[in-house]
Amino acid sequence: MSYDTDVLVVGTGPAGGAAALLLATYGINTLVVNKYGWLANTPRSHITNQRTMEVLRDLGVEAEALAAGTPQELMGDTVLCTSLAGAEIGRITSWGTGDRSATEYRSSSPSPLVDLPQTYLEPILVTNAAARGAKVRMDTEFLSYTQDSSGVTVLLRDRVRGDEYTVRARYLIGADGGRSLVAEQAGLPIAGQTGKAGSMNITFTADLSRYVAHRPSVLYWVMRPGAHMGGIGMGLVRMVRPWNEWLLVWGYDITQPPPALTDDEAVAIVRDLIGDPALDVTITSTSLWTVNHNYATSYSSGRVFCAGDAVHRHPPSNGLGSNTSVQDSYNLAWKLAMVIRGQAGPSLLDTYTAERAPIGKQVVDRANLSRDQFGPIFEALGINGDTAAAGIDRGL
């Protein structure tokens with residue numbers, strides 16, 4: 001039987017990039033395709049925990065991750081406030097800050113945490129995968145697949161030339177995100193609820209050092225009128241690079257048509273959450289997304305496997321999205337390598353769902369529980385329906 005590649009990976013995000021790098025490192029012929037002509041162009045996931053750093057250490061790219069990310073000492077405490085310029089409500093020790101917590105973290109792993117936005121993580125994974133022999137095709141869209149007892153035939157479209165062609169692989173990995181076509185065509189059973197709430201991301205540049213340098217953090221949770229409406233439960237000002245590159249998250253009513261957010265409106269939201277009506281702000285992007293509570297109960301169908309957001313979709317609470325995605329691929333890749341080499345029987349691959357699906361469900365449930373627990377905080381602060389209406393009236 002002739003094959004074009006051993007494994008075809010759809011997607012270059014944390015799950016797909018990690019799968020490609022792992023398989024290439026194990027000497028497995030790998031082709032990874034990306035529908036777009038670029039890797040991540042917005043920060044998206046960022047907190048990279050010790051278990052994921054251990055994977056990067058195992059792959060020999062930990063030093064690159066540490067060089068590209070914000071170090072643990074600048075990740076700081078989680079700050080809760082009424083605005084960055086306003087009253088601070090409290091701080092939550094997080095990510096190994098403080099002597100006691102730092103000791104616990106450092107004794108549990110040789111690898112530290114790092115804040116590594118997806119715009120930096122993806123190039124590390126994909127370029128190293130290519131350097132180790134993986135073939136990477138950008139502007140290449142997955143359309144469909146058929147499988148039989150010996151392999152998978154995948155139909156792809158070259159989005160530059162416009163033509164369609166097939167690739168024959170032993171196995172297919174769908175790491176194509178929360179709207180995964182691979183998972184859909186595989187008929188993977190997806191439990192939970194889609195579209196629980198609406199959120200908007202606003203990325204911007206502004207010098208906020210006077211508000212944050214004395215209390216470094218990657219997450220500033222901001223309680224404003226309207227904050228409990230949709231989204232992730234509170235306004236969020238997230239550090240991307242200290243202290244001038246930022247991502248802000250705000251909610252919108254998902255029962256209404258999605259808002260058309262202009263730069264002027266985005267600036268108004270940023271200035272409100274910062275608490276500085278004259279702040280010099282440059283908006284770099286805006287986007288809308290929905291909060292989901294979905295998880296697959298099976299991660300595979302025959303020779304087709306899915307990983308990452310294709311099989312678990314949740315709000316960013318707890319920072320487990322990209323970490324869980326990398327761990328999916330870490331679990332799957334060595335098993336595929338052993339089966340392809342003939343060192344293990346195909347039944348080894350059955351353990352992927354058995355080991356990862358319960359974790360995917362646990363992560364989704366935990367992320368949504370964290371969001372729902374914000375309710376009592378709003379109540380205690382008097383942020384309720386009346387103040388929410390005031391926020392809506394202000395266009396927030």
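Taking the condition free of Cβ contacts under 8 Å to residues at least 40 places away in the same chain, among the hydroxyl-bearing types (Ser, Thr, Tyr), open to solvent by 10 Å² or more (accessible area, probe 1.4 Å) and touching a helix residue (DSSP H, G or I) at 6+ places or on another chain (Cβ under 6 Å), does residue 93 pass? Let's see the steps before the verdict.
Values: free of Cβ contacts under 8 Å to residues at least 40 places away in the same chain: yes; among the hydroxyl-bearing types (Ser, Thr, Tyr): yes; open to solvent by 10 Å² or more (accessible area, probe 1.4 Å): yes; touching a helix residue (DSSP H, G or I) at 6+ places or on another chain (Cβ under 6 Å): yes.
So residue 93 fits the description; yes.
Condition test on residue 319, is it in contact with a Ser or Thr (Cβ under 9 Å, 6 or more places away or on another chain), open to solvent by 10 Å² or more (accessible area, probe 1.4 Å) and at pLDDT below 95? Give the derivation first.
Numbers: in contact with a Ser or Thr (Cβ under 9 Å, 6 or more places away or on another chain): yes; open to solvent by 10 Å² or more (accessible area, probe 1.4 Å): yes; at pLDDT below 95: yes.
So residue 319 passes the test.
Among 120, 171, 165, which is in a strand (DSSP E or B) and under 26 Å from the mean Cα position of the chain (by Cα)?
Values: 120 fails: in a strand (DSSP E or B); 165 fails: under 26 Å from the mean Cα position of the chain (by Cα).
Residue meeting the stated conditions: 171.
Just the residues that are surrounded by fewer than 16 Cβ atoms within 10 Å (Cβ to Cβ), of a type in the set (Gly, Ala, Ser) and touching a strand residue (DSSP E or B) at 6+ places or on another chain (Cβ under 9 Å), please, taken from the stretch 131-175.
Of everything in the stretch 131-175, those that are surrounded by fewer than 16 Cβ atoms within 10 Å (Cβ to Cβ), of a type in the set (Gly, Ala, Ser) and touching a strand residue (DSSP E or B) at 6+ places or on another chain (Cβ under 9 Å) turn out to be 133, 144, 150.
Does the stretch 130-137 contain any residue that is small (Gly, Ala, Ser), closer than 22 Å to residue 289 by Cα, within 24 Å of the chain's Cα centre (by Cα) and outside any helix (DSSP H, G or I)? Even if it seems obvious, please write down each step before you answer.
Here is the first cut: in the stretch 130-137, the residues small (Gly, Ala, Ser) are 130-131, 133-134.
Now narrow it down to the ones that are closer than 22 Å to residue 289 by Cα: none.
Within the stretch 130-137, none of the residues are small (Gly, Ala, Ser), closer than 22 Å to residue 289 by Cα, within 24 Å of the chain's Cα centre (by Cα) and outside any helix (DSSP H, G or I).
Out of everything in the stretch 230-247 that is aliphatic (A, V, I, L, M) and at pLDDT 95 or above, what residue ends up being surrounded by the most Cβ atoms within 10 Å (Cβ to Cβ)? Let's see the steps before the verdict.
At the first step, the residues of the stretch 230-247 found to be aliphatic (A, V, I, L, M) are 232, 234, 236-237, 239-240, 247.
When the remaining residues are screened for being at pLDDT 95 or above, the result is 237, 239-240, 247.
Numbers: 237: 27, 239: 25, 240: 22, 247: 20.
Only one residue tops the list, namely 237.
Might you check whether a residue that is open to solvent by 20 Å² or more (accessible area, probe 1.4 Å), in contact with a Ser or Thr (Cβ under 9 Å, 6 or more places away or on another chain), more than 18 Å from residue 238 (Cβ to Cβ) and of a type in the set (Gly, Ala, Ser) occurs anywhere in the stretch 58-81?
Checking the stretch 58-81: at least one residue is open to solvent by 20 Å² or more (accessible area, probe 1.4 Å), in contact with a Ser or Thr (Cβ under 9 Å, 6 or more places away or on another chain), more than 18 Å from residue 238 (Cβ to Cβ) and of a type in the set (Gly, Ala, Ser).
Return only the number of the condition from (1) part of a loop (DSSP other than H, G, I, E, B); (2) within 30 Å of residue 311 (Cβ to Cβ) that residue 248 does not satisfy.
If we test residue 248 against (1) part of a loop (DSSP other than H, G, I, E, B); (2) within 30 Å of residue 311 (Cβ to Cβ), just (1) comes out false.
Within the stretch 157-172, is there a residue that is farther than 21 Å from residue 13 by Cβ, touching a residue at least 24 places away in the same chain (Cβ under 8 Å) and of a type in the set (D, E, K, R)?
yes
Would you point out which residue out of 102, 87 is free of Cβ contacts under 8 Å to residues at least 60 places away in the same chain and within 29 Å of residue 279 (Cα to Cα)?
Numbers: 102 fails: within 29 Å of residue 279 (Cα to Cα).
Selected residue: 87, the only one of 102, 87 that is free of Cβ contacts under 8 Å to residues at least 60 places away in the same chain and within 29 Å of residue 279 (Cα to Cα).
Which residues, counting only those in the stretch 254-280, are of a type in the set (Asp, Glu) and either open to solvent by less than 60 Å² (accessible area, probe 1.4 Å) or under 20 Å from residue 221 (Cβ atoms) (or both)?
Pass one, the stretch 254-280, residues of a type in the set (Asp, Glu): 263-265, 272, 276, 280.
Correct list: 272, 276.
The values are calculated or read from the model by the stated rules, or taken from the named source; none is laboratory data. Computed from a predicted structure; not experimentally measured. Neighbour counts are summed over all protein chains in view; Cβ atoms, including those assigned to glycine, are modelled from backbone coordinates with ideal geometry. Remember, those area values only see protein heavy atoms, side chains included, never the ligands or the DNA or RNA. Shrake-Rupley method; radii C 1.70, N 1.55, O 1.52, S 1.80 Å.
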